[in-house]
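Asker: Have a look at the structure that comes next, please.
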Amino acid sequence: MTSAYAATPGGLLLVLAVMLPAAAVLAMLVLGPRRTRVVALATLALGLVVALAIGLELVRSGTALIYVLGNWQPPLGIALRADGLSVMMLAVTAVVMAATGLFARDLFGLDLATADGRLGTSFWTLLMGLWSGLNLVFVSQDLFNLYVALELLTFAAVPLVCLDGRGETMAAALRYLMFALLGSMLYLLGAGLLYGAYGTLDIRLIASASQHGPAMAIALALMIPGLLAKAALFPLHLWLPPAHAGAPAAASAVLSALVIKAPVFLILRLVADIAPPGSAAVAGQVLAVLGAASILFCSIMALRQERLKLMIAYSTVAQIGYLFIVFPLAGVGDGTAPWGTIAWTGGALQLTSHALAKAAMFMAAGIVAEAVGHDRIRDLGGFGRAPPLPPPTFGWAGLSLMGIPPSGGFIAKCLLLTAAAIGGHLWLALTILAGGLLAGGYVFPVMDRALATPAEPLLLRKPIPLRLELVPLVLAVLAVALGFLPLAPFGLLQIGRPDIALAVSP
Amino acid sequence: MAESLTLIALFVLLASAAGLAIVLRSHIAIEKLMAVQLLGTGGAATLLLLGAATAQPALADVALLLVLLSAFSCAAFTLGEGESPEAAAKPDEPS
Amino acid sequence: MGLADAFTLICVVAGAVLFLAGTLGLLRFPDTLSRLHALSKADNLGLGLIVLGLMPQQASLMGGAKLVCIWLLAQLSAATASQLIAGIAARRKPQA
Amino acid sequence: MSLVFDMALVAGLIALALHVVVTRDGRGAILAFMAFGLLLGIGWARLASVDVALTEAAIGGGLTGMLLLRAQAHLVRHAAHPAALPTDRRRWLVPALSCGLVTLALAAVVLAFPRPAPSLAHQAVASLEATGLGNPVTAVLLAYRAIDTLLEKIVLILALVGVWSLSRDAAWGGASQLRPAIIPEPLVFLARVMPPFGVLIAVYQVWVGADLPGGTFQAGTILAAMALLVMLAGLRLAPQTQSRALRLMLAGGPALFVLVGFLGVAVAQGFLSYPEAIAKPLIVGIEAALTLSIAGTLALLVAGPPDRAPEP
Amino acid sequence: MSAIALTSASLFGLCGAALVGIGLFCILTHPDLLRRIIGFNILGAGIFLVFGAVARRGAAMGLSGDPVPQAMVITGIVVAFAATALAIALLRRLASLTGSATLEAATPPRSET
């Protein structure tokens, strides 16, 4: 058990990725409302640099980045470790965070009363807390430390939902809190059982244990549903649509694009890294069934929504479903190395393109709601004429969600479809196709309203600066541009995942 | 000696919990509060006895906290009582 | 069994019996105020006897001083607590 | 004998928990939960985890009860308030069965834990020397797993920012209204006499925490309770949440922690590692600063969102 | 002595299991949100007791228990308290705004600015 971890040169960057936003929270508290935004924007710039440096270091060294906190080796201490997948998540998070920062600066700038007031100041502080928690989820190797990371996310995300202070959003936030707390509690209970059985909470040390008692199965059976409640997979999705639709647009973008990916990432860690092959295969099958149900059911729910933001929120639950059908497609648990398969690459691409596209969509919807004063789809006829850029943003992002070429979403869904065909998972292939069609079903009507000529022109409440509209457009274009990316960079995803892959393939 | 002290600790705990067990079924809130207070003092006594029985002097610190905070919870309770008369008048959280 | 241990046992048992008396008072006395009275008397005396009894068992002077502190604090909080409760009871009376 | 005692304690805990769930009386449920907290503190003492027993006695026996009682009083005034469990069997039978299943599965795992039990006690004790501490729990909290403790402070501050964000726009930055309209005389007496004792006990807890059970959480909770008592009795007004001094106090502990952490990169073996020669004074210093921050954060969490407009 | 300690640890572990079940039931079925919040605290107490049993079983080296899970419980208790405080602040605000302390039915807002 000695020195399972040796710190690598760039390891300290991982500490910076976690501590920089956390320190920003403290600085904001001390410096007060007037300087909160400046601190946030500076932190966003620095954090982007840190994420870039981590990426470069990963490419340069070709191995995972490792840091041992306080030089206390696990199992007594805690190690941070970033492999290819973690670094991809860190990078996507940094990009979406930075875009959200630029967007929020101008969005709150529209209304001077809120800029330095309760809404703006709370938003920036919570956003930084959120970022710290997300980065920690992606790099921590210790299950209890990950619990603390999940709680950082919960405490930062829930108040974001009800910043507007209305009764409905208060109820949505409370329901979200209940689900999130229940999830954390079940996760913590599972961690306690694992500690009782293995005497450590370090992911790699647990994975290297040779014998598994009933504790492992029960712990997974508690932790995975707990995390599913946080990830809002069908049928535990009830809290998500009102919460994500009720939050301010900048907050919805982060919540939908990033926050629910954190529990998904942890489930992946548990199933792929910790679970013994037998349990992993069972868990993978169950997760795939739930994922498919999520895609179908919530796409249909999205079709039936009358409000734009609610529709986008239901679409989030549907798109999250794709991430769960990756498990059997990538062959998790049946002895092959899942990291090299095309399904794995497809899943990673889906995760990235959805993060970009969904953030763009929520921002665009936020601009429309801000300009027109509501987001009832029926009454939005001709919104394409008013602020000019949201409709194209919506369209580009929609391409990616539907999986229409050329877009990141297309390549992702194409890879998943191929994997399903090769693996003989006919039902999954059909689900992927149906999900694409249904996504078209909810994206096209909105585009139709945008281009329609209304009987009476829409009344604009306030002018929208072009800069504000540009941010989501850039994100949406990025989501599409992922489709033109050669797939080689996704080979990076295999960095730092040799343990299992090497054992199987020579 | 340790055995007898543990036995007496059990007796004190049961004696103070018995009151609570019966009073919790009544409908008078104050009496429940009184029973909780009794349990607080009884709990402190139990901890002292256990500390002596198991040679853990630090348990006295826990007992110290219990007696320190027992008045605190009583104060919290009275506060709820005191608040009710002004309920209508006080603009606590208008929307 | 030494003299110290005998002293401890006698005091502690007497204290324990007082706790039982306190509970009986809580259950048997007719009205809230007299119950309160019985309760605070019994449990403070009970705690006092137990503290007194455990004195010889303490290894250090510090430990003994802490026990006395606990008893004093219990006196203080019991006194105010019973006044607070009596206050509520008095306010409740007219309605009941 | 000890086992009989433990069985009685466990029976009491379970009975109280059941009572909390089934009783129709909302306030009675809270009082029963407070009694539950008391018994739980004794339970932790029986598990020989005195550090945890202290924390549970302070939080479970004190602050949580106050939080719940205030909320209950508020809800009774403002809202329709269903009190009883659903009587319709379809509503509770399935949850009851599945919860029973969870309990059974857990019980099976607890009984089947490997023997001898895996434990980090050896390593924790072996590394104690490098920290200069005598209490291994404090060593875990402030050295081996210091990042957990540090980020948990950030969690507390985020919770407070979240609670503050629930105020009305007009009251944001102002103070909470803690003082009741009628202040009973004994409460004022208590608020004058008790806090000196509380402060003394808190200082003692931080001081002995390095070597004996006790430490910054317990001390912070006691201080928070004392501060609340003073504000409840109207001796002091609750502080304005926009006050710079208050904010410095809240952020000071974690900020010092972060600074010392990064200092470790320069002069010791990395982030959150202490130079061996001055490890103990550093840790006690961090604990002292953290105690104030925790006290402030917990007290303000209980006080709730500000509801009076700020005064410059 | 060690046999007794073992049994006692398992006993509290079983108590933890029971409390987890009771807390979960309260969270899933009770219509009153305040009671659900208390249910979360009972669930938390049960989970922490499982940790406590694990810690007690790990007694070694002259320590009465494994200090690592004990430290985790201390962290956990404080986080659970913060969660309770946030939940209660939300609940109070919800009650003030809508006059309802339940999520069961979407009651129309009573007053809004």
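Asker: Helix A:342-372 sits at what angle to the longest principal axis of chain A, using alpha carbons and giving 0 to 90 degrees rounded to 10?
Answerer: 30 degrees
Asker: Another one. Report, as an integer, the average count of C-beta atoms from other chains found within 10 Å of each Cβ along A:157-166. Don't skip to the answer; put the middle values down first.
Answerer: Details: counts 2, 7, 11, 2, 1, 6, 3, 0, 10, 6.
Whole-number average of other-chain Cβ neighbours for A:157-166 is 5.
Asker: Run the dipole for the protein assembly as shown about the Cα centre, Lys and Arg Cβ at +1, Asp and Glu Cβ at -1, nothing else charged, and hand back the magnitude in debye, nearest 20.
Answerer: On the way: 62 positive and 50 negative charges, 316 e Å.
Value, rounded to 20: 1520 debye.
Asker: Cβ neighbours within 10 Å, averaged per peptide: list D:212-224, A:283-295 in order, most packed at the top. Each step should come with its number before you reach the end.
Answerer: Details: D:212-224: 27.6, A:283-295: 21.3.
Taking the mean over residues of other Cβ atoms within 10 Å, the ranking is D:212-224, A:283-295.
Asker: In addition: Under unit Cβ charges (Lys, Arg +1; Asp, Glu -1), what dipole magnitude, rounded to 20 debye, does region D:126-312 have relative to its Cα centre?
Answerer: On the way: 10 positive and 10 negative charges, 89 e Å.
Dipole magnitude for region D:126-312 comes out near 420 debye.
Asker: Can you pull the mean other chain C-beta count within 10 Å for peptide D:193-201?
Answerer: Numbers: counts 6, 9, 0, 0, 8, 5, 0, 1, 6.
For peptide D:193-201, the averaged partner shielding equals 4.
Asker: Which one of A:13, A:264, D:67 is farthest out on the positive end of the charge dipole of the protein assembly as shown, using unit charges on Cβ (Lys, Arg +1; Asp, Glu -1) and the Cα centre as origin?
Answerer: The residue sitting most towards the positive pole is D:67.
Asker: A follow-up question, please. What is the angle, in °, between the Cα long axis of helix C:61-92 and the longest principal axis of the Cα atoms in chain C? Nearest 10 is fine, range 0 to 90.
Answerer: 10 degrees
Asker: About the Cα centre of region C:3-91, what is the dipole size in debye to 20, counting +1 per Lys and Arg Cβ and -1 per Asp and Glu Cβ, all else neutral?
Answerer: On the way: 5 positive and 3 negative charges, 46 e Å.
I would put it at about 220 debye.
Asker: Using the reciprocal of the averaged 1/r over all distinct C-alpha pairs, how large is the Kirkwood radius of region A:276-506 in Å?
Answerer: On the way: mean 1/r = 0.0542 Å⁻¹.
Kirkwood radius, region A:276-506: 18.4 Å.
Asker: Along the charge dipole of region E:2-98, which of E:15, E:40, E:67 sits closest to the positive end, that is, farthest toward it, with unit charges on the beta carbon of Lys, Arg, Asp and Glu (+1, +1, -1, -1)?
Answerer: E:40
Asker: Which one, A:215, B:70, A:404, projects farthest toward the positive side of the charge dipole computed for the protein assembly as shown from Cβ point charges (K/R +1, D/E -1)?
Answerer: A:404
Asker: Using amide H atoms built 1.01 Å from N in the peptide plane, name the residues 5+ places from residue A:307, or on other chains, whose amide H lies under 5 Å from its own.
Answerer: A:377
Asker: Take the alpha carbon atoms of region A:94-142, find their center, do the same for region A:274-309, and report the distance between the two centers in whole angstrom.
Answerer: Going from one Cα centre to the other spans 29 Å.
Asker: Follow-up question, since we're still on this one. Under a GNM of chain D (C-alpha, springs under 10 Å), which listed residue has the highest mean-square fluctuation: D:196, D:184, D:239?
Answerer: The residue with the greatest mean-square fluctuation here is D:184.
Asker: Quick one: angle between helix E:2-29 and the longest Cα principal axis of chain E, in degrees between 0 and 90, rounded to 10, please.
Answerer: The angle comes out near 10 degrees.
Asker: How much mean residue ellipticity at 222 nm does chain A get from its helices, if each DSSP H run of length 4 or more adds -39500 (n - 2.57) and you divide by all residues, to the nearest 500 deg cm²/dmol? Can you show the working numbers first?
Answerer: Numbers: 21 runs with 354 residues, N = 506.
My calculation for chain A gives -23500 deg cm²/dmol from helical runs alone.
Only the coordinates and a few stated rules stand behind these numbers; no lab work does. Here the structure is a predicted model, which means the values were calculated and not measured. Here the Cβ is made from the backbone with ideal geometry for all residues, glycine too, and neighbour counts use every protein chain on show.
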